[in-house]
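Peer 1: Questions regarding the structure given below will be posed in turn.
The values are calculated or read from the model by the stated rules, or taken from the named source; none is laboratory data. Bear in mind the structure is a predicted one, so any value in this text is a computation, not a measurement. Every residue, glycine as well, gets a Cβ built from its backbone with ideal geometry; the counts of neighbours run over all protein chains shown.
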Amino acid sequence: MTSATDPATARASIPRADFGRVSVFFGEKNGKYPDGNQVLVRGADVRAAFDAPLVSNSIGPAFDATELVVMGHVHEDHMAGLHRLPRASVHVHEADLDAARSWQGLLAAFGVTDETRIAEMLTRFQQTLFYAPRPDAQGYTDGATWDLGRVTVRAIHAPGHTAGHCVLLVEQEGVAFIGDIDLTGFGPYYGDASSNLSDFRRSLKLLPDIPATVWVTAHHRGVYTDRERFLADLAAYTAKLDERGQRLLAMLGDTPKTLDELVRQRLLYPASYDSPWVDDAEARTISLHLEELVADGRVRMDERGAYRRG
């Protein structure tokens, strides 16, 4: 691993790490949302990018020469540099394809129900993240490969965060871009309409078996080269799922509560946090945990649709 910047191909202010033909350009605060970490792969024949976060707008020729963009998943913060690459071929897992192709597709994936805030949401994305849909995006499936010349990229479907979320493995370099399985202290996010808690659990279990020696997150953590540290942070991140289930049980206490009442209490975000999608994200996250708890017999629904501890 190096931390040098090549002034001929990238702007000197962006920290960078190189692993053979793979370069990682770190976004602000190590890719903290709304920024992200940009992965570029220099094949002998094709130059590829994994996603296009906000930092890609500041990289310069190293990013602008991209011919192929492989999206690990589709969210607004992962599309912020696509406007710079109108001629690049954009590939998206088929389960996220509609979200890449149109604003209506992205809204459907989010599952936003507050119609009064949709215009605000679009304006925010356009102004801060250069949002523009890609109607030309092409679909791929689990196991898809891209031969870039002397280096191959393989997609490993790892849904949960979104239905199409994938790990992108640069096989010859042993570099795995694990995207928004970002190992942050916040924990996994699965608050979209296309998110799935059971899928997320399965995806987390498959990560240790991926043949990688370097793991790159889209946000916050950045790069892992120490497997033991990676596995420890993965375990802590995974533990957040059961911690949330326990916190939800505590929120129920001895008094039955409806889903709306639980949403107002907030499981994920502070009560003061505001965004156009926060109530929907809370409702879906809580609902997914309630489904698990009901299935386990730890929670039941009463005759008026309120939830109580079982």
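Peer 1: Within the stretch 33-75, can you find the residues that are over 20 Å from LEU97 (Cβ atoms), part of a loop (DSSP other than H, G, I, E, B) and among the hydrophobic types (A, V, I, L, M, F, W, C)?
Peer 2: Scanning the stretch 33-75 gives ALA44, VAL46, ILE59, ALA65.
Peer 1: Just need a number here: residues in the stretch 258-283 that are basic (Lys, Arg) and surrounded by 18 or more Cβ atoms within 10 Å (Cβ to Cβ).
Peer 2: Matching residues across the stretch 258-283 total 0.
Peer 1: Condition check: surrounded by 15 or more Cβ atoms within 10 Å (Cβ to Cβ), at pLDDT 95 or above and at negative phi. Does LEU231 satisfy that?
Peer 2: No.
Peer 1: A further question on this structure: Taking the conditions exactly as written (charged (D, E, K, R) and farther than 30 Å from ASP51 by Cα), does GLU243 satisfy them or not?
Peer 2: Taking the combined requirement at face value, the residue satisfies it.
Peer 1: Just for the stretch 52-108: of the residues that are acidic (Asp, Glu) and surrounded by fewer than 17 Cβ atoms within 10 Å (Cβ to Cβ), which one is nearest to ALA158 (Cα to Cα)?
Peer 2: The selected residue is GLU94.
Peer 1: From the list ALA137, ALA158, ALA132, which one is surrounded by fewer than 20 Cβ atoms within 10 Å (Cβ to Cβ) and in contact with a Leu (Cβ under 9 Å, 6 or more places away or on another chain)?
Peer 2: ALA132
Peer 1: Ok, one more. Among the listed residues ALA62, ALA119, identify the single one that is without any contact (Cβ under 8 Å) to a residue 60 or more places away in the chain, outside the structural domain of ASP280 (by TED's automatic domain parsing) and in contact with a Phe, Trp or Tyr (Cβ under 9 Å, 6 or more places away or on another chain).
Peer 2: Checking each option against the conditions leaves just ALA62.
Peer 1: Can I ask one more? Give, as residue ranges, the helices (runs of 4 or more DSSP H) completely inside the stretch 199-310 that count at least 3 residues that are farther than 29 Å from HIS73 by Cα and among the aliphatic types (A, V, I, L, M).
Peer 2: 227-252
Peer 1: Considering only residues that are within 23 Å of the chain's Cα centre (by Cα) and acidic (Asp, Glu), which ones fall in the stretch 250-278?
Peer 2: Answer for the stretch 250-278, where residues must be within 23 Å of the chain's Cα centre (by Cα) and acidic (Asp, Glu): just ASP274.
Peer 1: What about THR141, is it β-branched (Val, Ile, Thr), free of Cβ contacts under 8 Å to residues at least 60 places away in the same chain and more than 18 Å from PHE25 (Cβ to Cβ)?
Peer 2: Yes; evaluated as a whole, the condition is true for this residue.
Peer 1: Does any residue of the stretch 16-32 turn out to be free of Cβ contacts under 8 Å to residues at least 24 places away in the same chain, surrounded by 20 or more Cβ atoms within 10 Å (Cβ to Cβ) and on the phi < 0 side of the Ramachandran plot?
Peer 2: Yes: the stretch 16-32 contains one or more residues that are free of Cβ contacts under 8 Å to residues at least 24 places away in the same chain, surrounded by 20 or more Cβ atoms within 10 Å (Cβ to Cβ) and on the phi < 0 side of the Ramachandran plot.
Peer 1: Is it the case that some residue within the stretch 101-112 is touching a Pro at 6+ places or on another chain (Cβ under 7 Å) and small (Gly, Ala, Ser)?
Peer 2: yes
Peer 1: Kindly evaluate LEU168 against the criterion of being in contact with a strand residue (DSSP E or B) (Cβ under 6 Å, 6 or more places away or on another chain) and either surrounded by fewer than 21 Cβ atoms within 10 Å (Cβ to Cβ) or at pLDDT 95 or above (or both).
Peer 2: Against the criterion (in contact with a strand residue (DSSP E or B) (Cβ under 6 Å, 6 or more places away or on another chain) and either surrounded by fewer than 21 Cβ atoms within 10 Å (Cβ to Cβ) or at pLDDT 95 or above (or both)), LEU168 qualifies.
Peer 1: When the stretch 197-216 is examined, which residues are found to be under 18 Å from ALA163 (Cα atoms) and buried (at least 18 other Cβ atoms within 10 Å of the Cβ)?
Peer 2: LEU197, ASP199, PHE200, SER203, LEU204, LEU207
Peer 1: Moving on. What about ARG202, is it of a type outside the set (A, V, I, L, M) and either under 21 Å from VAL278 (Cα atoms) or at pLDDT 95 or above (or both)?
Peer 2: So ARG202 passes the test.
Peer 1: Please give the strands (runs of 3 or more DSSP E) falling wholly within the stretch 86-175 in which 3 or more residues are of a type outside the set (A, V, I, L, M).
Peer 2: It comes to 89-93, 138-140, 145-147, 152-157.
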